[in-house]
1. Go through (1) of a type in the set (S, T, N, Q); (2) farther than 20 Å from Ala254 by Cα; (3) in contact with an Asp or Glu (Cβ under 8 Å, 6 or more places away or on another chain); (4) open to solvent by 40 Å² or more (accessible area, probe 1.4 Å) one by one and return the number of the condition Asn172 breaks.
2. Output the residues belonging to segment 105-158 that are of a type in the set (Gly, Ala, Ser) and crowded, with 18+ Cβ neighbours inside 10 Å.
3. Looking at segment 149-161, I want the residues that are in contact (Cβ under 8 Å) with a residue 40 or more places away in the chain and have a partner that is open to solvent by 30 Å² or more (accessible area, probe 1.4 Å) and assigned to a loop (DSSP other than H, G, I, E, B) with Cβ atoms under 8 Å, at least 6 apart or on another chain. Which pairs are those?
4. Mind checking which pairs have a first residue in segment 205-224 that is farther than 18 Å from Ala236 by Cα and a second that is among the hydrophobic types (A, V, I, L, M, F, W, C) and part of a loop (DSSP other than H, G, I, E, B), Cβ under 6 Å, 6 or more apart or different chains?
5. Return the only residue of Gln15, Gln60 being exposed (fewer than 13 other Cβ atoms within 10 Å of the Cβ) and closer than 25 Å to Val178 by Cβ.
6. Can you name every residue in segment 29-38 that is among the hydrophobic types (A, V, I, L, M, F, W, C) and either surrounded by fewer than 20 Cβ atoms within 10 Å (Cβ to Cβ) or more than 17 Å from Leu101 (Cβ to Cβ) (or both)?
7. Considering only residues that are in a helix (DSSP H, G or I), surrounded by 20 or more Cβ atoms within 10 Å (Cβ to Cβ) and not aliphatic (A, V, I, L, M), which ones fall in segment 82-104?
8. Being surrounded by fewer than 17 Cβ atoms within 10 Å (Cβ to Cβ) and either within 15 Å of the chain's Cα centre (by Cα) or among the hydrophobic types (A, V, I, L, M, F, W, C) (or both) is the requirement here; does Met222 meet it?
Amino acid sequence: MKFEDLRGILQYVPQFRERIFVIALDGAVMRLPNVQSLLQDIAVLQSLSIQVVLVFGARQQIRDLAVTRGVTISNDDGMGRTDQATLDVSADAITRLTSELVGDLTALELRVAVPNALAVHPAGDIEGVDQEHTGRIERVDDRMLHAMLREGIIPVLPPLGYDGRGNTLRLNSDEVAVDVAIELEAAKVIFVAEQGLFDGEGNRIAQLSVADAREMVKRKDMDVSLLSKLRFGALACGEGVPRVHIVDGTQDEALLAELFSNEGVGTMIHGDEYQQIRKA
């Protein structure tokens with residue numbers, strides 16, 4: 001690293017200090033060779049007095065386990081109907097991934113915990129279809145999460161929740177990240193995705209307004225995972241989260257490069273007039 005690069009990074013530290021970043025990792029990202037480097041970058045953020053909440057998805061792990069068990073799943077992302085067989089596979093895959101993630105973060109000497117901070121309820125009937133074991137978030141226990149963050153503990157939130165009767169319900173990780181960010185008045189949501197966001201000519205889309213993001217969602221001409229992030233990212237900005245970032249988890253150092261440079265390496269959704277123009 002050049003000294004001028006370090007100076008460029010340090011200019012961001014005062015404005016980020018003591019702010020809350022909600023970071024959401026796609027399940028496929030957790031299987032990449034550079035995942036340990038990514039987790040080290042999260043440790044760097046916490047060392048700079050940035051308060052981190054970590055959310056993760058498990059779509060890839062659920063698919064893989066379903067194939068191993070010979071189970072046909074009703075959905076893999078927690079948005080559609082979740083039948084009992086899909087819930088069983090999802091709960092097992094997510095539990096395994098939670099254990100792996102907590103172990104990896106512990107190896108980096110980070111203090112982490114998996115709280116029951118989400119009060120959820122069954123999604124019920126949608127367009128005449130019973131969603132069975134799919135859940136929707138009713139309330140986020142912000143007092144619990146703030147208490148953990150004050151103590152330097154990273155809350156790790158899996159895409160599972162429990163209703164008032166103790167029943168397990170499947171959640172969508174993008175929705176979890178955004179609902180938590182809104183409740184905690186986070187400064188940023190950062191989606192570390194399976195891929196980046198590009199236009200029809202293959203150029204990276206550096207920034208989007210909320211209106212632009214919603215228009216892209218309406219067109220439905222891209223991967224469903226990116227559509228989900230655009231949809232919930234626009235929702236987050238509309239509810240007061242200043243910035244939402246979508247970064248390609250396959251790129252080395254993508255997280256830090258997006259946060260600590262004017263140009264960035266991913267896509268930023270903003271809810272106000274963004275004055276700093278990024279290079280294409």
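1. All conditions are met except number (4).
2. Of the residues in segment 105-158, the ones of a type in the set (Gly, Ala, Ser) are 107, 113, 117, 119, 123-124, 128, 135, 147, 152.
Result: Ala117, Ala123, Gly135.
3. Hits for this filter: Glu151/Arg111; Gly152/Arg111; Ile153/Arg111; Ile154/Arg111; Pro155/Val114; Val156/Val114; Leu157/Val114; Pro158/Val114.
4. Between residues of segment 205-224 that are farther than 18 Å from Ala236 by Cα and residues that are among the hydrophobic types (A, V, I, L, M, F, W, C) and part of a loop (DSSP other than H, G, I, E, B), the close pairs are Ile205/Leu197.
5. Values: Gln60 fails: exposed (fewer than 13 other Cβ atoms within 10 Å of the Cβ).
That would be Gln15, the only listed residue that is exposed (fewer than 13 other Cβ atoms within 10 Å of the Cβ) and closer than 25 Å to Val178 by Cβ.
6. Within segment 29-38, the subset among the hydrophobic types (A, V, I, L, M, F, W, C) is 29-30, 32, 35, 38.
Correct list: Leu32, Val35.
7. Filtering segment 82-104 down to residues in a helix (DSSP H, G or I) leaves 84-104.
Adding the requirement that they be surrounded by 20 or more Cβ atoms within 10 Å (Cβ to Cβ) leaves 86-87, 89-90, 93-94, 97, 101.
Those that are in a helix (DSSP H, G or I), surrounded by 20 or more Cβ atoms within 10 Å (Cβ to Cβ) and not aliphatic (A, V, I, L, M): Thr86, Ser90.
8. Details: surrounded by fewer than 17 Cβ atoms within 10 Å (Cβ to Cβ): yes; either within 15 Å of the chain's Cα centre (by Cα) or among the hydrophobic types (A, V, I, L, M, F, W, C) (or both): yes.
Criteria met by Met222.
The values are calculated or read from the model by the stated rules, or taken from the named source; none is laboratory data. In this text the structure is predicted, and so the values were computed from the model without any measurement. Cβ: placed from backbone, ideal geometry, glycine included. Neighbour counts: every protein chain shown. For accessibility, only protein heavy atoms count, side chains too; no ligands or nucleic acids. Shrake-Rupley method; radii C 1.70, N 1.55, O 1.52, S 1.80 Å.
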